[in-house]
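The values are calculated or read from the model by the stated rules, or taken from the named source; none is laboratory data. In this text, all values refer to a predicted model and were calculated from it rather than measured experimentally. Methodologically, a virtual Cβ is constructed for each residue, glycine included, from the backbone with ideal geometry; neighbour enumeration extends over all protein chains shown. Ligands, DNA and RNA are excluded from the accessible area calculation, which covers all protein heavy atoms including side chains. Shrake-Rupley method; radii C 1.70, N 1.55, O 1.52, S 1.80 Å.
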Amino acid sequence: MNLTTQIEDLIEHNASDFEISKLFKNYLIEYKKSLPKLFESSQGKDFLVTHTKTIDTILTQMYKVVLRRTFGNYLPMRGSIPIALIALGSYGREQLSIHSDIDLMIVYEPCEGYNTNTIIEKLLYLIWDTGMKLGHRVHEVEDIYRASQEDITIRTAFIESRLIYGSPFAWHASQRQFNKIRHDDPKGFILAKIEEAHTRRKKHPWSMQPNIKENVGGLRDSHLLFWIATTIYGNSNLKDLSGRLFSDEAYRDYRIALELLFRVRNALHLITDRQEDQLLFELMPAVAKMLGFPSERKMVAKILEAQWRINSFAQIFIKKIVRRYFSEPGMIASYRQARIAPGIYAIDGRLYATYSHKPKPINTLLELLIGMEDIKWRFDPSFLSQFTYASIKHPLPVKTYTLMRKLFERKQLYPYLSLFYDAGILHHLIPAFKKVLHLPQFDGYHHYPVDLHSIKCIKALESIDEPFVRELYENLLPKDKLLLKVAVLLHDTGKGRKQDHSEVGLKLIIAYAKRLKWPAEMQERAGLLVRHHILMSDVAQREDIHNEKTLYKFMSNIKTKENLTLLYILTYADINGVGPGTYNSFTSRLLRELYDASMAIVDQSDRITDATKRLKVERRIKKLEEFSTLPRILKKRILGVESNLFYFKHTPEEILSIAKYAKEVKEYDFRLSTESGLTIEIFRRIPLNLGYLLGKLSYLDVASMEIFTLFDEIKYFKIDFYHLPDHDSLEHIETIVDEAFDMEQQITLNKPDIRPEEITIDCEHSKTYAALNIYTANQRGLLAYIAKRLDEHDINIATAKIHSTKTRARDHFLIEKSAKLCDNTQNIIVLLTED
């Protein structure tokens, strides 16, 4: 028995409102259970239309029930009752997602013969009783225009109106109101919607966990194009403009991209059983399986490509729609003065193009760019259109490579790379990008897919914030700047293969360098930079950079000081291109220390001993004017600090500052810094419960830890944390530090899972220190546990270097040598791994 028959049967037997609402509720429950099966055969827009029509049918049935219950056997004709049910928003577009609100507007016209308020009230109660997720509005027809003035969101929803059921007369009267709204200050409406989209796009930029609805290139961008087209042309279907506003081919590609986003959004709603529009990492396996993708990586690459296409299509054709609409008297004359080529205009640092001109060959466009002033140009969507639809020959002719080389030689390369990316031709002009186009990076580190990350690195290179790095870059020879830009851009293009991406990248950059007609020496250096592009970061963050063996091994790969400088700048750009906040003062200090230490040995034929290095630092300290004013006893104490590492890790000025502060310490003292992340400096004469301290602060994630014995039995601790706590939390942190000097304090630490093979101990690391290396799964409280276990057995940590990704931790400790340690290395491993 179908729904209609069951309803008729209930009405005939004078069933209660509760029984009828229960019937609808059970029907909806069964219908939702059937949606996964429906999704197997119809996933994209067809699925949305089918779902929308089903909701139409249910609401129509509800309305008919209310009429039957109201009028009994004296039911008037549908057109006689001045009520219309109208779908708005995504429901009106027939794009209603499973868990989206059902935007329903009920309109009516006053009529003394019908109690419309009672009918509408009964209908709404019936809908609510069934549990439908309803967003509703009730308006008298003549009140629609006034309602549209209240809020731009309401006006937008009215643009997408569609009759579900009811009086055709009320619907036609409503349509007249909608047309009045459409013609009411369309310019102001369009400007407001564009500004609204600009704010949204800043809040939801490109992401490897894409928000299908809100991200750049998401469904909202397609909606914006529809709203503007409907406002100006009055079309209810964008396809009607195909062949008039854009080509059939361009529209087909756009629709294919849109179809994929519909499929993904539907899958997300089905899998999570809620309105979930963001493709989070944990949801990717289930969504990929449901949609039939061989891997999550390929699925996300296709989604990012689809969002890119929607973004490009929407940008270009929104501007094409509105350009004449916003023209004002006198603009044509100003454009003529700004004309730099047929159909191309430069106004206030922005390039425009005439849509009526056919796209030019790519070499013509590249020559145009090269002939422009070397500034940070911005590009209007009309100019973007020229590159998007430019003719490009394959294989690329020699002239194209020549023009690309000239482009690389310019000071401002980033704007052009962004233009090529937006136009979808980056991989055509630089073939090395073919395999990494929209390729996501699920490593817990990178914020962007490979191609966008590479472009962001060029942006970082051309806008260096750090004065020392900027000075190094500005002092480079032009040929080295050229070499560096290409290396920075191509450093990750070897990703997406089974081989090591640095080795693949080496081959790709040499092949491209040959196409650019570089001499063999430049090709070799470019290959070296790409092959070792992660080496400097790895060494700085994971190894003891004050150990001469580390430095000589590092420089054996880099060869020369010129290469070292280029690699330092490349590393700066690479880390800054990862995402906001990745490059911080802690990273900066490590890289600078490695650069300075490596530069000090690069010209040495014989190895510099720790003693020689220390003498150099002592001489620099003695030259300081502040040192000469210190009491004689303090001078002696400073120069008598046993730890060479203390001298190597601090500047002379920092050494004096630490020593002067330590001199005043009675039992213990500490200071907090929050310049970038949290830093705690502790000076103590009495024991410190280090395991307790680190355990209580483990939620902030330790970045590094240094421990040095100074003088007069004072130990100095410096602990850097990755995360910056709220200002209100600082007082609580100070309390924890105070509590850590109570050796009776206990904290329960979860034992991390460390396996014996993940631990190595090198007792030959140096004369004074042994090296303890732990490479294991990243686990909260790992450092606190290690510190607690070592402290319990009187094994003193001199310094700790913490390096972790989303899944792995690589911790490096220097430990004061003792027979207790070096004669019992196996016992230490058991100590850290036993249950």
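Observations on the structure shown:
- An oblate overall shape is assigned to region 153-196, the ratio a/c of its alpha-carbon gyration tensor axes (a ≥ b ≥ c) being 1.5 or greater and a/b not exceeding b/c.
- Nearest-ten-degree value, helix 398-408 long axis tilted from longest Cα axis of the chain: 70 degrees
- Cα gyration tensor shape for region 1-127, rounded if a/c is under 1.5, else prolate or oblate: oblate
- Once backbone amide H atoms are built at 1.01 Å from N, F379 has L351 as its partners under 5 Å, excluding neighbours fewer than 5 places away on the same chain.
- Normalised per residue, the accessible area of the chain is 46 Å², obtained with a 1.4 Å probe and no contribution from ligands, DNA or RNA.
- Charge dipole (Cα centre; +1 on Lys/Arg Cβ, -1 on Asp/Glu Cβ; no other charges) of region 688-807 amounts to roughly 540 debye.
- Rounded tilt (10° steps) of 3-12 against the dominant C-alpha axis of the chain: 60 degrees
- Inter-label distance, nm, simple model (7 Å from Cα along the C-beta direction), K32/R619: 7.9 nm
- Couplings for region 336-348, taken from phi via the Karplus curve 6.51 cos²θ - 1.76 cosθ + 1.60 with θ = phi - 60°, read 4, 5, 8, 5, 10, 6, x, x, 10, 9, 10, 9, 6 Hz in order; Gly and Pro are left as x.
- For the residue pairs K549/K635; K411/K456; K319/K376; K376/K406; K358/K411; K180/K203, the C-alpha atoms sit more than 25 angstrom apart in K549/K635; K358/K411; K180/K203.
- For region 224-235, Karplus couplings with θ = phi - 60° (6.51, -1.76, 1.60), whole Hz, Gly/Pro x: 4, 4, 5, 4, 5, 4, 5, 4, 8, 9, x, 6
- Largest-first principal axis extents of the Cα set of region 685-835 (Å): 46, 42, 25
- From helices alone, the chain scores -16500 deg cm²/dmol at 222 nm; the rule is -39500 (n - 2.57) for each run of n ≥ 4 DSSP H residues, then divide by the residue total.
- Quotient of C-alpha Rg and 2.2 N^0.38 Å, computed over region 491-573: 1.14
- Positive-pole candidate from Y699, F554, T651, dipole of the chain, charges at beta carbon: F554
- Residues whose amide H comes within less than 5 Å of that of A809, counting only those at least five positions distant or on another chain, are T776, A777, N778 (H built at 1.01 Å from N in the peptide plane).
- Computed from Cα positions, the angle between helix 248-272 and the longest principal axis of the chain comes to roughly 80 degrees.
- Stokes-Einstein D in µm²/s, Kirkwood radius over Cα pairs - region 18-83 at 4 °C with 1.567 mPa s viscosity: 93 µm²/s
- Options (1) 63, 33, 25; (2) 62, 38, 24; (3) 68, 35, 23 - which one matches semi-axes √(5λ) of the Cα gyration tensor in Å as calculated here: (2)
- Solvent-accessible area of D753 with every protein chain in place, 1.4 Å probe, in Å² to the nearest 10: 100 Å²
- Expressed as a whole percent, the accessible surface of the chain that belongs to carbon and sulfur atoms is 49, based on a 1.4 Å probe.
- Using a probe of 1.4 Å on the protein chains alone, the accessible area found for Y325 is around 90 Å².
- Between region 127-163 and region 294-372, the Cα center-to-center distance that results, in Å: 37 Å
- Stretching M372 away from K25 to a fully extended chain increases their span by 118.3 nm, per 0.36 nm per residue minus the current alpha-carbon distance.
- Simple label model, 7 Å out from Cα along Cβ direction - E744 to T272, nm: 5.0 nm
- Prolate/oblate/rounded call for region 254-359, Cα gyration tensor, a/c under 1.5 rounded: prolate
- Applied to region 214-222, the Karplus parametrisation 6.51 cos²θ - 1.76 cosθ + 1.60 on θ = phi - 60° returns per-residue 3J(HN,Hα) values of 9, 4, 3, x, x, 4, 4, 5, 5 Hz, with x for Gly and Pro.
- Hull shadow area, averaged, region 382-466 [alpha-carbon convex hull, nm²]: 6.9 nm²
- A cut-off under 13 angstrom between Cβ atoms defines the neighbours of P285, and their net charge, with Lys, Arg +1 and Asp, Glu -1, is +1.
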